[in-house]
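Structure first, commentary second.
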Amino acid sequence: MKLAVPFIVVANTAWAACDAGEQTFMSCRIEDSANVLRVCFDTNDVHYRFGPAKQAPDLALSQSITDVAYVPWPGVGQAIWEEVAFRNGAYRYTVWAGFDRMFDEAEYNATPHHGFGGVRVTTVADNVEVVTLECERATVEFAWDDILYRAKNARGLVWDDRTRTWGPLAQ
C-alpha cells in the first residue's frame with residue numbers, strides 16, 4: 001500500500017513544462033544534449049515526449065493510465081523514486097525519476113542537486129539495452145505524488161509489492 005504523502009516537486013524548469021491540462025510526472029534535460037524528456041499525465045493518459053527544448057518532440061508516446069507500466073516507490077531506501085514504461089513497437093522506454101533523501105542538514109547542504117532521472121530503451125523481446133540516457137541532475141523536476149497510483153486504483157487495479165505488478169482489485 002502506498003502511503004499518502006504531500007506533493008513534492010524538485011526543481012522548476014519552464015522549458016520542460018507539460019501541456020495545458022496535464023500534470024508533470026517528471027521532466028529534465030538530458031546530459032550533454034539539447035534534448036528534454038517529459039512524462040506528463042492527464043485524467044486518462046500518460047504521455048512520453050522526447051526532443052529539443054521548446055520544439056515539437058522527436059518522439060511522443062501515449063498510453064492509458066490503465067495500461068501504462070507504472071512502478072510506485074517501494075517505501076524503502078536512500079532515494080525516493082518511481083518509474084513508468086511505454087511500449088513503442090519492438091522497444092520499451094522506461095523512464096525513472098526520484099530524489100535522494102537526506103537524513104540531516106549537513107548531508108542535505110553537501111549535495112547540490114537531489115533529483116535524478118533518465119530513460120532506458122530496451123528491446124521488448126529479449127530486454128536488451130539499446131541506450132540509457134541520464135538527466136542533468138540540476139534540471140530534474142520530479143513531481144512525486146500518489147495521483148497515478150490512485151488513478152490506477154480507480155480503474156480497478158491494485159499494486160502487489162511481492163510480484164511488483166498491477167492486478168485486478170479483489171472483490
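Quick look at the numbers
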read-out: Unique residue being under 17 Å from residue 141 (Cα atoms) and at pLDDT below 95 when the list is 9, 39, 46; value: 9
read-out: Residue match in segment 152-171 (condition: in a helix (DSSP H, G or I), touching a His at 6+ places or on another chain (Cβ under 7 Å) and in contact (Cβ under 8 Å) with a residue 60 or more places away in the chain); value: no
read-out: Residue 78 being open to solvent by 20 Å² or more (accessible area, probe 1.4 Å), within 27 Å of residue 166 (Cα to Cα), over 16 Å from the mean Cα position of the chain (by Cα) and at pLDDT below 95; value: yes
read-out: Residue match in segment 109-117 (condition: over 18 Å from the mean Cα position of the chain (by Cα), modelled with pLDDT under 95 and in a helix (DSSP H, G or I)); value: yes
read-out: Subset tally (residues that are more than 18 Å from residue 71 (Cβ to Cβ) and among the aliphatic types (A, V, I, L, M)) for segment 23-55; value: 4
read-out: Residue that is farthest from the chain's Cα centre (by Cα) [pool: residues in segment 36-60 that are surrounded by fewer than 18 Cβ atoms within 10 Å (Cβ to Cβ) and assigned to a strand (DSSP E or B)]; value: 52
read-out: Criterion violated by residue 83 - all others in (1) modelled with pLDDT under 95; (2) buried (at least 20 other Cβ atoms within 10 Å of the Cβ); (3) of a type in the set (Asp, Glu) satisfied; value: (1)
read-out: Residues that are over 13 Å from the mean Cα position of the chain (by Cα) and of a type in the set (Val, Ile, Thr), drawn from segment 66-75; value: 66
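The values are calculated or read from the model by the stated rules, or taken from the named source; none is laboratory data. This one's a predicted model, so the numbers in the text were calculated from it and none came from an experiment. Every residue, glycine among them, receives a Cβ derived from its backbone with ideal geometry; neighbour counts consider all protein chains shown. Please note that ligands, DNA and RNA were not included when accessible areas were found on the heavy atoms of the full protein model with its side chains. Shrake-Rupley method; radii C 1.70, N 1.55, O 1.52, S 1.80 Å.
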